[in-house]
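Everything on this sheet refers to the single structure shown next.
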Amino acid sequence: MGWPLDNHTGGGSFVYHWGERYCAIGFVLHLDYANPYLSPFEEFQRFKLHPFLRPMLEGGKRIGYGARAISEGGFQAVPELVFPGGALIGCGAGFMNVPRIKGTHNAMASAMLAADAVVEALAAGRSGDRLEAYEAAFRSSAVYDDLKRVRNVKPLWSRFGTIPGVALGGLDMWLGQLFGFSPFGTLSHVKADADSLTRARDSRAISYPKPDGIITFDRTSSVFLSGTNHAEDQPVHLRLTDPSLPVSVNLPEYDEPAQRYCPAGVYEIVAQADGVRFQINAQNCVHCKTCDIKDPSHNITWVTPEGGGGPRYSNM
Ligand code: SF4
């Protein structure tokens, strides 16, 4: 947890061993990071060079790549769960347990609660209405308790940094577990991820090493392994509310961080005869939705793309 990030940038990691000598390795970086020069993709490459991980990967072959934003708002950020004809369950409802980087248990449990409500509704001859029974069942479920117990971990982490923040979060979880009490009550999240960047002029530029092609790789060849291939003439699924903002605001203020936070290299600042322009290589998008969350001008909207273009995660 934490490495190779600094104390004020949250993150964690996982390694799953599976099948015949396969290994799935992942790196989580909290999108409330402050430095606009930071690249989550490059931090992941650095992470793989840790002396504990490197020997695990040496001699291996990279066979897949993907990226995804995960909802870490937790207990304080659970939205209304039902709407006419539908319900939000699992990670779509933000049920991931942040300190455990784990959401499958709550995804399955909430799906079962929703299924019970569906069966009840169908038995009563209802359809297309709100499954209020699911919302009520969630509030008295183990999923609710699980999220409530860890609700202050991320807010404390954001306020105090990795070492003191996680220590305080651990203390808070133990007090909640043993005595059902938190000295912090329920802390709010500090600010939206898009509003957490500092200005480029106040930030430390980061120079990442070139990939070695053995343990570390570039984005272009990684995206190729995601099995993403959108038709170039499909409707644009990455929409700018104001097309001028990337160059007029984001570039001078934040050195246009989309060039770095996108794990697929979709966004580029391209030089041309009369200055620069903002280029969107939408066909490379792996649909992580980071741009929709992190753009400091709140200017990018990801919409559902035309189907069938990937990513295709084989063996997952
Ligand atoms: S364009 Fe946006 S949604 Fe697509 S890969 Fe890049 S950051 Fe993720």
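The values are calculated or read from the model by the stated rules, or taken from the named source; none is laboratory data. Bear in mind that the values here come from a model prediction, so they are computed numbers and not experimental data. Cβ atoms come from the backbone with ideal geometry, glycine included; neighbour counts cover every protein chain shown. Remember, those area values only see protein heavy atoms, side chains included, never the ligands or the DNA or RNA. Shrake-Rupley method; radii C 1.70, N 1.55, O 1.52, S 1.80 Å.
Would it be correct to say that PRO305 is touching a Pro at 6+ places or on another chain (Cβ under 9 Å), within 14 Å of the ligand (Cβ to nearest atom) and open to solvent by 20 Å² or more (accessible area, probe 1.4 Å)? Against the criterion (touching a Pro at 6+ places or on another chain (Cβ under 9 Å), within 14 Å of the ligand (Cβ to nearest atom) and open to solvent by 20 Å² or more (accessible area, probe 1.4 Å)), PRO305 qualifies. Identify all residues within segment 38-60 that are outside any loop (DSSP other than H, G, I, E, B) and open to solvent by 20 Å² or more (accessible area, probe 1.4 Å); write none if there are none. Hits for segment 38-60 are PRO40, GLU42, PHE44, ARG46, ARG54, PRO55, MET56, LEU57. The single condition from (1) in the same structural domain as ASP218 (by TED's automatic domain parsing); (2) open to solvent by less than 40 Å² (accessible area, probe 1.4 Å) that ASP292 fails is (2).
Test LEU178 against the criterion of being in a helix (DSSP H, G or I), open to solvent by 80 Å² or more (accessible area, probe 1.4 Å) and either under 18 Å from GLU43 (Cα atoms) or aliphatic (A, V, I, L, M) (or both), and give yes or no. Answer is yes for this residue. Taken over segment 259-272, the criterion of being in a loop (DSSP other than H, G, I, E, B) and more than 7 Å from the ligand (Cβ to nearest atom) is satisfied by GLY265 alone.
Annotation note: Cβ proximity below 6 Å between a residue of segment 238-257 that is assigned by TED's automatic domain parsing to the domain that holds THR290 and closer than 19 Å to THR290 by Cβ and a residue that is away from the ligand (no atom under 16 Å from the Cβ) and open to solvent by less than 50 Å² (accessible area, probe 1.4 Å) (sequence gap 6+ or interchain) occurs for TYR254/ALA200; ASP255/ALA200.
For segment 303-314, check the following and say yes or no: at least one residue is under 22 Å from PRO235 (Cβ atoms) and not in a loop (DSSP other than H, G, I, E, B).
So the first thing to find is which residues in segment 303-314 are under 22 Å from PRO235 (Cβ atoms), and the list is 303-312.
In the following step, the residues that additionally are not in a loop (DSSP other than H, G, I, E, B) were identified as none.
The answer is no, given that none of the residues of segment 303-314 is under 22 Å from PRO235 (Cβ atoms) and not in a loop (DSSP other than H, G, I, E, B).
Here is the figure for segment 254-282: residues that are modelled with pLDDT of 95 or more and small (Gly, Ala, Ser) total 4. Being buried (at least 19 other Cβ atoms within 10 Å of the Cβ) and part of a strand (DSSP E or B) is a description that applies to PHE27.
Of all residues in segment 124-147, those that are in the same structural domain as ALA107 (by TED's automatic domain parsing) and assigned to a helix (DSSP H, G or I) have Cβ atoms under 8 Å from Cβ atoms of residues that are open to solvent by less than 60 Å² (accessible area, probe 1.4 Å) and hydroxyl-bearing (Ser, Thr, Tyr), 6 or more apart or on another chain, in PHE138/SER110; PHE138/TYR144; VAL143/SER110.
Within segment 181-209, the set of residues being in a helix (DSSP H, G or I) and open to solvent by less than 40 Å² (accessible area, probe 1.4 Å) comprises ALA194, ALA200. Among the residues of segment 1-24, those identified as part of a loop (DSSP other than H, G, I, E, B) and buried (at least 18 other Cβ atoms within 10 Å of the Cβ) are LEU5, THR9, GLY10. Scan segment 273-287 and tell me whether some residue there is surrounded by 13 or more Cβ atoms within 10 Å (Cβ to Cβ), among the β-branched types (Val, Ile, Thr) and more than 16 Å from the ligand (Cβ to nearest atom). For segment 273-287, residues surrounded by 13 or more Cβ atoms within 10 Å (Cβ to Cβ), among the β-branched types (Val, Ile, Thr) and more than 16 Å from the ligand (Cβ to nearest atom): present. GLU256 fulfils the conditions (1) more than 10 Å from the ligand (Cβ to nearest atom); (2) open to solvent by 30 Å² or more (accessible area, probe 1.4 Å); (3) within 24 Å of ASP195 (Cα to Cα); (4) of a type in the set (D, E, K, R) except for a single criterion, (2).
Would you be able to tell me the number of residues in segment 67-80 that are open to solvent by 40 Å² or more (accessible area, probe 1.4 Å) and either in contact with a Leu (Cβ under 7 Å, 6 or more places away or on another chain) or under 28 Å from GLN45 (Cβ atoms) (or both)?
Of the residues in segment 67-80, the ones open to solvent by 40 Å² or more (accessible area, probe 1.4 Å) are 68, 70-71, 75-77, 79-80.
So of that shortlist, the ones also either in contact with a Leu (Cβ under 7 Å, 6 or more places away or on another chain) or under 28 Å from GLN45 (Cβ atoms) (or both) come out as 68, 70-71, 75, 79.
Matching residues across segment 67-80 total 5.
Any residue that is within 16 Å of the ligand (Cβ to nearest atom), of a type in the set (A, V, I, L, M, F, W, C) and not assigned by TED's automatic domain parsing to the domain that holds CYS91 - is there at least one of those in segment 50-65? Spell out the reasoning first.
Here is the first cut: in segment 50-65, the ones within 16 Å of the ligand (Cβ to nearest atom) are 64-65.
Next cut, of a type in the set (A, V, I, L, M, F, W, C) only: none.
No: segment 50-65 contains no residue that is within 16 Å of the ligand (Cβ to nearest atom), of a type in the set (A, V, I, L, M, F, W, C) and not assigned by TED's automatic domain parsing to the domain that holds CYS91.
Taking the condition of being basic (Lys, Arg) and more than 23 Å from ILE25 (Cα to Cα), how many residues in segment 68-127 meet it? Steps first, answer last, please.
Of segment 68-127, the ones basic (Lys, Arg) are 68, 100, 102, 126.
Next, from what is left, pick out any that are more than 23 Å from ILE25 (Cα to Cα): 126.
The qualifying residues number 1.
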